[in-house]
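Have a look at this one.
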Amino acid sequence: MAQQLPPALEDKVRKYEAQLRTYEAFKTQNLMTQQELSEVSMTLGELKKYPEDGVAYKAVGSVMFLVDKTKLLSDLEEREEDLKRFSETTGRKVKELETKLTELKDELSGELGKHSLKIQ
């Protein structure tokens, strides 16, 4: 017969699982932001090498529009700054959640150990 956990301990396990899902979501979001930031930074680098009087296009969906290079540079630099800020914010949140998860896991491990159970 399966051993039943006390309600307070079940609540802690649910809290741990919810925190773990939140952590995974923030970690994924941070990774995606860093990937986009890398793409924008590489695009900026290439665009800056391009001659000032060169023709530049911007893709919007499946359509490409002729745009002013200066305006495109400005838009990309703004996007790069936004992504850097967002990446820093989500990175801090990931670290905070890692700390909380470690504390919760240690606490749960001790309590579950009393019931001869383990966290996977």
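The values are calculated or read from the model by the stated rules, or taken from the named source; none is laboratory data. What you see is a predicted model; the values in this text were computed from it and never measured. Cβ sites come from the backbone with ideal geometry, for glycine too, and all protein chains shown count toward neighbours.
Kindly check whether there is at least one residue in segment 39-47 that is over 11 Å from Leu76 (Cβ atoms) and surrounded by fewer than 14 Cβ atoms within 10 Å (Cβ to Cβ).
No: zero hits.
The rows are residues; the columns are (1) out of contact with any strand residue (DSSP E or B) (no Cβ under 8 Å at 6 or more places or on another chain); (2) in contact (Cβ under 8 Å) with a residue 60 or more places away in the chain; (3) over 30 Å from Glu111 (Cβ atoms).
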residue	(1), (2), (3)
Pro7	yes, no, no
Arg14	yes, no, no
Gln19	yes, yes, no
Glu36	yes, no, yes
Val40	yes, no, yes
Pro51	yes, no, yes
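Same structure, new question: When you look at Ser109, is it at pLDDT below 90 and not acidic (Asp, Glu), yes or no?
Answer is yes for this residue.
So, one more: Checking Gln4 against (1) part of a helix (DSSP H, G or I); (2) under 30 Å from Gly113 (Cα atoms); (3) not aliphatic (A, V, I, L, M), which test does it fail?
(1)
Okay, next question. Output the number of residues of segment 56-75 satisfying the condition of being hydrophobic (A, V, I, L, M, F, W, C) and in contact (Cβ under 8 Å) with a residue 12 or more places away in the chain.
Residues in segment 56-75 being hydrophobic (A, V, I, L, M, F, W, C) and in contact (Cβ under 8 Å) with a residue 12 or more places away in the chain: 3 in total.
Which is touching a helix residue (DSSP H, G or I) at 6+ places or on another chain (Cβ under 7 Å) and part of a helix (DSSP H, G or I), of Glu46, Glu111, Glu88?
So the residue among Glu46, Glu111, Glu88 that is touching a helix residue (DSSP H, G or I) at 6+ places or on another chain (Cβ under 7 Å) and part of a helix (DSSP H, G or I) is Glu111.
Within segment 49-78, restricting attention to residues that are acidic (Asp, Glu) and in a helix (DSSP H, G or I), which residue is surrounded by the fewest Cβ atoms within 10 Å (Cβ to Cβ)?
Step by step, filter segment 49-78, then rank; the result is Glu78.
Tell me yes or no: at least one residue of segment 97-113 is among the acidic types (Asp, Glu) and over 26 Å from Lys15 (Cα atoms).
Checking segment 97-113: not a single residue is among the acidic types (Asp, Glu) and over 26 Å from Lys15 (Cα atoms).
Sticking with this one: Quick check: anything in segment 24-38 at pLDDT 95 or above, closer than 27 Å to Gly113 by Cα and surrounded by 11 or more Cβ atoms within 10 Å (Cβ to Cβ)?
Yes, that holds for at least one residue.
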